[in-house]
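These notes are about the structure you will find just below.
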Amino acid sequence: MSTETIAIDGVPTRIRRSGAGKTPIVLLHGAVPGVTPYCGGLHVWGESFDLLARETQVIAIDLPGAGGSALGPSPLAIATIVGAGRRNASGTH
């Protein structure tokens, strides 16, 4: 398992990845940054992350403004965040 920070549209974003497989599962947490701080981070996946990683590649992403990710100047689309996570899985980030 590795935890690292990647840039998504210039915004520092924390991800955690583990496991192996051609098509990764990308996990996004719920919560609203600054409003629900204990539910807002990749840590909410806990043991589920490890169980999934036994079977395939798993990537958990801290959404902008939550956990270890910065809040950018403008909102990022979920498709942009997930796409960056998938590119990171393939090593093309």
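Structure data summary
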{"quantity": "ARG86 paired with LEU28, simple spin-label distance in nm, labels 7 Å along Cα-to-beta-carbon", "calculated": "1.2 nm"}
{"quantity": "Sum of -39500 (n - 2.57) over DSSP H runs of 4+, divided by residues of the chain (222 nm, nearest 500)", "calculated": "-6500 deg cm²/dmol"}
{"quantity": "Beta bridges per DSSP with both ends in the chain, % antiparallel, nearest 5", "calculated": "75 percent"}
{"quantity": "Along principal axes, Cα extents of the chain, largest first, whole Å", "calculated": "35, 28, 19"}
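Here, each number is a calculation from the coordinates, and none is a lab measurement. Just so we're clear, the structure is a prediction, and the values are computed from it rather than from any experiment. Reconstructed Cβ throughout: ideal geometry from the backbone, glycine too, with neighbour counts over all protein chains shown.
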